[in-house]
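Chemist: Please read through the structure below; I'll follow up with questions.
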Amino acid sequence: MRRCPVCQSYPTSVSHFHEIAYLHCKMCGLVYRETPEDPQERERYYRDLNPAAAVEVSKQELYGAVLDKAEQLMNATGRKGTGYTLLDVGAGTGSFMRFASRQGWDVCGVDPVPDQTEQPAGTDLSIHSGTLPDLSSTFSEFDLITYWDVMMYIDDPVHEMNLAFQRLRKGGLIYLRVRNHPVIRAMEKVWAATKFLHGWSNPAVYHPYNYSPGSMRTLATYIGAHHDLNNGRLTRGDAYGVGRGGRAIDTAKRLVERFTDGLHILSAGTWIVSPTLDVWLWKEN
Ligand SMILES: [Zn+2]
């Protein structure tokens, strides 16, 4: 059976979602596909449906919070000055790049889907075609490298993070936004138990690679990075179209954020129960 791509352990259980087999690593908590996803199938999905466009609009509020936190952490690690450089991996339509550029960051992006690697409308920013290893060494070092909902598709996360780490300046940061899979599974159980009451669709989504706080901590340790894990901010409105009435969903999400942040504080940073996970990795200065 395929070994865990994070910690190399053999998986201990198998489950199925939409008839696809998923392996569970009991050592680090990663849940991953037995067979890696066909990149061409994924590319078709992104080109035909482009789910990123709707979701990106709802992320605007999160973008500012991430850049603020990056500047705070960089100041704390001793990186001073202005003209911060950013690389966004899996840049999509370039919406985060545009946002960061308006905030004064020097930005660069890379994305593997050819149709999306055009110049983002109304800017002189360009997105390079491919993945991190394809990026020429002209762009050698960055203060911040971001992966917004990208790690779920990376077949060799240890290799990817080592490469990203090599391209960081001293005191530089990597930001990863991922789904918090144990919470997604808990949501699925609640949905399964209550679905006769309403017409909502299953809120659970399984990706090729599904992370937990434990698998993220293991990944950070393997590449020798310091790490900081937090509840992720949620997107605004009903970006994924799971229910009726975006306003009600938005209010519910804000309540969930307050509740999960309360638990995070009460447990002294141990409990991360938001459906999304914010991960910061950094290099010793
Ligand atoms: Zn593992």
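The values are calculated or read from the model by the stated rules, or taken from the named source; none is laboratory data. Owing to the predicted nature of the structure, the values given are computational and were not obtained by experimental measurement. No Cβ is skipped: glycine too gets one built from the backbone with ideal geometry, and neighbour counts run over all protein chains shown.
Chemist: What pairs come out if I take residues in the range 264-285 that are at pLDDT below 75 and pair them with residues that are part of a loop (DSSP other than H, G, I, E, B) and not aromatic (Phe, Trp, Tyr) whose C-beta lies under 7 Å away, six or more apart or interchain?
Modeler: 264/272; 272/180; 285/77; 285/78
Chemist: Go through the range 68-156 and tell me which strands (runs of 3 or more DSSP E), entirely inside it, have 2 or more residues that are modelled with pLDDT of 90 or more and out of contact with any Cys (no Cβ under 9 Å at 6 or more places or on another chain). Don't jump to the end; show me each part of the working.
Modeler: Numbers: elements: 85-89, 106-111, 127-129, 142-148.
Counting at least 2 such residues, we get 106-111, 142-148.
Chemist: Return the residues of the range 21-43 that are within 10 Å of the ligand (Cβ to nearest atom), touching a residue at least 24 places away in the same chain (Cβ under 8 Å) and over 16 Å from residue 179 (Cα atoms); say none if nothing qualifies. Even if it seems obvious, please write down each step before you answer.
Modeler: So the first thing to find is which residues in the range 21-43 are within 10 Å of the ligand (Cβ to nearest atom), and the list is 23-32.
From what is left, the residues that are touching a residue at least 24 places away in the same chain (Cβ under 8 Å) are 25, 27-32.
Those that are within 10 Å of the ligand (Cβ to nearest atom), touching a residue at least 24 places away in the same chain (Cβ under 8 Å) and over 16 Å from residue 179 (Cα atoms): 25, 27.
Chemist: Oh, and also: Looking only at residues that are assigned to a strand (DSSP E or B) and over 22 Å from the mean Cα position of the chain (by Cα) in the range 1-19, which one is farthest from the ligand (Cβ to nearest atom)? Walk me through it before giving the result.
Modeler: Start the filter on the range 1-19 by keeping residues that are assigned to a strand (DSSP E or B), which leaves 13-17.
Adding the requirement that they be over 22 Å from the mean Cα position of the chain (by Cα) leaves 13-16.
Working: 13: 12, 14: 14, 15: 16, 16: 20 Å.
Restricting to residues being assigned to a strand (DSSP E or B) and over 22 Å from the mean Cα position of the chain (by Cα), the top hit is 16.
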